[in-house]
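**Student:** Below you will find the structure I want to go over with you.
The values are calculated or read from the model by the stated rules, or taken from the named source; none is laboratory data. All values reported here derive from a predicted model rather than from experimental measurement. Every residue, glycine among them, receives a Cβ derived from its backbone with ideal geometry; neighbour counts consider all protein chains shown. In case anyone asks, the SASA skips ligands and DNA or RNA and just uses the protein heavy atoms, side chains included. Shrake-Rupley method; radii C 1.70, N 1.55, O 1.52, S 1.80 Å.
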Amino acid sequence: MKFGIFYEISVPRPWGPTTEYEVYQNCLEQVKLADELGFDQVWAVEHHFLEEYSHCSAPEVFLTACAMVTKNIRIGRGIVVCVPEFNSPIKAAEVAATMDIVSGGRLEFGTGRSATWTELGGMGADPDETKKTWDEWVRVIPKMWTEERFGYQGRAFSMPQRAVLPKPLQKPHPPMWVAVTSPGTELDAADRGMGSLGLTFGGFAEQEKKIAEYRRRIRYCDPVGSFVNEQVNTVNFLFCHEDNEYGAKTGQRLAGTFNYLAEQLLAARQAYPTRSYPNLGLLPALRREATSAPEGQIPEGLCIGNPDRIVEVVRKWESVGVDRINFLLNAIETVPQEEVLASLRLFAKEVMPKFAEKPTKATVAVGGD
């Protein structure tokens, strides 16, 4: 079991002249500490127009800044929106390769298609097309990285033969992931040989079933890249404190605040009914899991409370097949920065050593053993 951190970069109102600057600086301080403590990945979303919930519209800039203040932690684009109104696949390949070079080969490349009408409608994207363009993007981008010159005639994207530069430092290319918020997306990831970047808060039984099917299907995949990335990541909240009651209370306030922010989002299906978005994605899971426990109890699976409780929860996640937990550390700064940093330190001291002997699941080369 490995551990990472995950950023939406939520910014609370009222917005003063330096509010966003201060939040970004807090995030960078957390990342620097996480690197020193042995966390192995940092992920940042790509979101647009989502007031307070996420002011992270240029994650490639934030993550490059993270790379410059760290030595070992891997930087995860979580995710590149693979929709032409958001990103050209050529530009996405070029930016990713540059990030990989300047970070010393530490890039993880996440892909997805966006799920809110605020973003899709704001960019003028057609929700019925996003799954199709995502599928096209994930097939052409690794070829841009590995082929000296690349040309393509496709459904939503075409280009004459050109040298797409630079090439990534990692050979053959960075690991590729799919953001999993809607049921069935983990199967899309498996069929394409891509890592499952779980962004929902489902309970143990639900996740165990999904992971088992992912593992089964990926054995027979037709990989879009040059190798199979067989890792399963999930996302969670983290607040670790010596006092279990205080840790649980603060952690539930963190989860509840994030849940409140997510409730304000307008899911694509709410504004544009379509089979391309069969459900509300992340939102129902947040409503269910962050608030599902009876009064006085901690919701199942949340990594909040004292170290002993968190160790127990992490062991359960490990038992259902999760390779890595990425933690949300804050939401609109509801937890003071000094407490966030103290939580990271205590988790690294008391929880991480219990799982240090477990190796992460390696990527598997196509055609290899």
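**Student:** For segment 75-197, what is the charge dipole size about the Cα centre, in debye to the nearest 20, if Lys and Arg each add +1 at the Cβ and Asp and Glu each add -1 at the Cβ? Before the final figure, lay out each step's value.
**Tutor:** Working: 14 positive and 15 negative charges, 89 e Å.
Result for segment 75-197 is approximately 420 debye, rounded to the nearest 20.
**Student:** Expressed as a whole percentage, what fraction of the accessible surface of segment 47-96 belongs to carbon and sulfur atoms when a 1.4 Å probe is rolled over the protein heavy atoms?
**Tutor:** On the way: 1000 of 1830 Å².
Accessible surface attributable to carbon and sulfur in segment 47-96 totals 55 percent.
**Student:** Roughly what angle does helix 59-68 make with the longest principal axis of the chain, taking Cα atoms, 0 to 90 degrees, to the nearest 10?
**Tutor:** So the helix axis and the longest Cα principal axis differ by about 70 degrees.
**Student:** Roughly how tilted is helix 204-218, in degrees to the nearest 10 and between 0 and 90, from the longest Cα axis of the chain?
**Tutor:** Taking the Cα atoms of the chain, the angle to 204-218 is about 20 degrees.
**Student:** Taking springs between alpha-carbon atoms closer than 10 angstrom, which of GLU230, GLU338, GLU119 fluctuates most in the Gaussian network model of the chain?
**Tutor:** Fluctuation is largest for GLU338.
**Student:** About the Cα centre of the chain, what is the dipole size in debye to 20, counting +1 per Lys and Arg Cβ and -1 per Asp and Glu Cβ, all else neutral?
**Tutor:** Numbers: 40 positive and 48 negative charges, 224 e Å.
Charge dipole of the chain: 1080 debye, to the nearest 20.
**Student:** Mind giving me the FRET efficiency for THR18 and GLN264? R0 is 25 Å, r the Cβ-Cβ distance, nearest 0.05 is fine.
**Tutor:** On the way: r = 24 Å, r/R0 = 0.96.
For R0 = 25 Å, the calculated efficiency reads 0.55.
**Student:** Can I ask one more? With labels modelled as points extended 7 Å from the Cα through the Cβ direction, what inter-label distance (nm, one decimal) is found for GLU312 paired with ALA212?
**Tutor:** With each label placed 7 Å out from Cα toward Cβ, I get 2.5 nm.
**Student:** Semi-axes of the equivalent ellipsoid for the chain, please: Cα gyration tensor eigenvalues, times 5, square-rooted, ordered largest first, whole Å.
**Tutor:** Details: eigenvalues 191, 103, 90 Å².
Taking √(5λ) for each eigenvalue gives 31, 23, 21 Å, largest first.
**Student:** Would you check the accessible area of TRP117, probe 1.4 Å, heavy atoms only, in square angstrom rounded to 10?
**Tutor:** The accessible area comes out at roughly 80 Å².
**Student:** Right, here's the next one. Say R0 is 45 Å: what FRET efficiency, to the nearest 0.05, do SER158 and PHE49 get from their beta-carbon distance?
**Tutor:** Values: r = 29 Å, r/R0 = 0.64.
So the FRET efficiency works out to roughly 0.95.
**Student:** Enumerate the amide H contacts of PHE237 below 5 Å, restricted to partners 5 or more residues apart or on another chain; note that Pro and chain-start residues carry no placed amide H.
**Tutor:** Residues meeting the criterion, in which the H sits 1.01 Å from N, are CYS303, LEU328.
**Student:** Can I ask one more? With a probe of 1.4 Å, find how much accessible area the chain has per residue, and write the answer as a whole number in Å². Walk me through the numbers on the way to the answer.
**Tutor:** Values: 15440 Å² over 369 residues.
Roughly 42 Å² per residue, with all protein chains present.
**Student:** For THR116, what residues show an amide H to amide H distance below 5 Å, using hydrogens built from the backbone and excluding near sequence neighbours?
**Tutor:** ALA268
**Student:** Counting pairs of alpha carbon atoms under 8 Å apart in space and at least six apart in sequence, what relative contact order in percent does the chain give?
**Tutor:** Values: 734 pairs, mean separation 74.5, N = 369.
Computed value for the chain: 20 percent relative contact order.
**Student:** Of ALA115, ASN87, TRP137, which is farthest on the positive side of the dipole of segment 78-180, counting Cα position, with +1 on Lys and Arg Cβ, -1 on Asp and Glu Cβ, and the Cα centre as origin?
**Tutor:** Towards the positive end, the residue furthest out is TRP137.
**Student:** Starting from the amide H of VAL180, placed 1.01 Å from N in the peptide plane, find each other amide H under 5 Å away whose residue is 5 or more places distant or on another chain.
**Tutor:** Amide H neighbours of VAL180: LEU197, GLY198, LEU199.
**Student:** Between the alpha-carbon centers of segment 91-124 and segment 10-52, tell me the distance in whole angstrom.
**Tutor:** Answer, in whole Å: 17.
**Student:** Moving on to the next point. Based on the mean of other Cβ atoms within 10 Å per residue, sort peptides 321-330, 15-24, 210-219 so the most packed one is first.
**Tutor:** Working: 321-330: 21.8, 15-24: 12.5, 210-219: 16.4.
Top of the packing list down: 321-330, 210-219, 15-24.
**Student:** With point charges of +1 on the Cβ of Lys and Arg and -1 on the Cβ of Asp and Glu, referenced to the Cα centre of segment 142-286, which listed residue (PRO273, HIS241, GLY198) lies farthest in the positive direction of the dipole?
**Tutor:** Highest projection toward the positive end goes to PRO273.
**Student:** If you don't mind, there's one more thing I want to ask. HN-Hα J couplings of segment 39-47 from phi, Karplus 6.51/-1.76/1.60, θ = phi - 60°, integer Hz, Gly and Pro as x?
**Tutor:** Computed from phi, the couplings for segment 39-47 are 5, 10, 9, 10, 10, 9, 6, 10, 10 Hz.
**Student:** Taking the Cα atoms of segment 1-91 alone, what are Rg (to one decimal) and Dmax (as a whole number) in Å?
**Tutor:** Gyration radius and largest Cα-Cα distance of segment 1-91: 13.7, 41 Å.
**Student:** At 0.36 nm per residue, minus the direct Cα-Cα distance, what do ARG275 and ASP128 gain on full extension? Give it in nm, one decimal, please.
**Tutor:** On the way: separation 147, 0.36 × 147 = 52.92 nm, distance 0.79 nm.
Extending this stretch completely gives an extra 52.1 nm.
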